1. So what's the angle, to the nearest 10 degrees on a 0 to 90 scale, between helix A:16-39 and the longest Cα principal axis of chain A?
2. Distances over 19 Å make up what percent of all Cα-Cα pairs in chain A?
3. What distance in nm separates the simple spin-label points at A:E143 and A:N86, each placed 7 Å from Cα in the Cβ direction?
4. Give me the one-decimal nm value for the distance between modelled label points at B:T127 and B:E100, 7 Å along each residue's Cα-to-Cβ direction.
5. Using a 10 Å cut-off around each Cβ, can you sort A:Y74, B:Y22 from fewest to most neighbouring Cβ atoms?
6. Which whole-number percent of Cα pairs in the protein assembly as shown have a distance greater than 29 Å?
7. In which sequence would B:L98, A:L31 go, from the one with the fewest C-beta neighbours within 10 Å to the one with the most?
8. Using Cα positions and a limit of under 29 Å, work out the lysines in reach of B:K109, with same-chain residues fewer than 8 apart set aside.
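Read-outs: derived from the displayed coordinates by stated rules, not from any lab. Since we're looking at a predicted model, the values are computed, not measured. In this analysis, Cβ positions are derived from the backbone assuming ideal geometry, glycine residues included, and neighbour counts consider all displayed protein chains.
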Amino acid sequence: MEEKDFIQKLLNPKTQNEAFQILLSQYQKPLYYHIRNIVLNHDDADDVLQNTFIKVFQHLKGFKGDSKLFSWMYRIATNEAITFINQKAKRNGTTSEALQSKIVENLKADSFFDGTEIQIKLQKAIVTLPEKQQLVFKMKYFEEMKYEDMSEILGTSVGALKASYHHAVKKIENYVNSN
Amino acid sequence: MNNFELNKIPKIESGFKTPDYYFDSFSEKIMQQLPERNQKVIPLFSKTKIWTIAIAAVFLISLSIPIFNALKTSSTELDKGTIENYLTNHAEISDDDLVELLDEEDIQKMKLNYNIEDKTIEDILSTNSDLEEYIIN
């Protein structure tokens, strides 16, 4: 009920700016880290986060309330981030997997990355996973999201997500143990 | 590193950081971009503009109608006057010429105009002091 009222405030031109500011303050941090986990570098995450909020604003009118505002926004952010990575890879004449590996190799030089040995190793392990498993692992492990919420965002059943996460963890442990 | 198990060690953070005060300025940055990128605002504005122009146009037209009418009326009156003046002062038209132009209908109308009651004639005749002179002459 409360969310419905909030959506009404977002749609009403008189209260729109005020409501959107609340939306920004609530979601900018979690959405930033969600995007950053996918695109890996800060400047790209900043670009994608801006595009995400502008898209959210532009499409508010079309938001039917079939899903939660939270999962709708995460879906937009995820799509924007993945599209961004694919387009960047295309511009550089490479695949998104190769691009991700290259960025992870250079993480040490990134001034907005802590850079401990285990953190870099973990990132290197993650890029070896299939795209969907990467996403599931990042959302579960780093963002500590509930399986139910992930299910709404990714449109995958809770069971499949659990299995996906389990596989991802096993592969990461194997990678770390053998490298 | 052997026997590494993720759930047996303290959580490893992603390690990603942001520049200082990044989030403090972020929402302001977005709010500034919204009116520019939001296309809804633009048609709303031009719609108001069109309405303003339309209302101004209606206002001007309705104001100009009486003025236009006034000009139109005075100009036709002037025309009649000019013709009359011309006919009286300059045209070489005799009374006979004018009479020739009258048709049956005009003559009928004139007859009606002179349709005076007998009693009125009698009154005029009896009160007119010059009457005798006319009879004599």
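1. Once rounded, one gets 10 degrees.
2. Details: 9740 of 15931 pairs.
The calculated P(r) of chain A puts 61 percent of pairs beyond 19 Å.
3. Result for the modelled spin labels: 1.8 nm.
4. According to this spin-label approximation, the distance is 4.2 nm.
5. On the way: A:Y74 26, B:Y22 18.
Listing A:Y74, B:Y22 from fewest to most nearby Cβ atoms yields B:Y22, A:Y74.
6. On the way: 30581 of 49770 pairs.
Distances greater than 29 Å cover 61 percent of the Cα pairs.
7. Working: B:L98 10, A:L31 24.
With the sparsest Cβ surroundings first, the list reads B:L98, A:L31.
8. B:K80, B:K119
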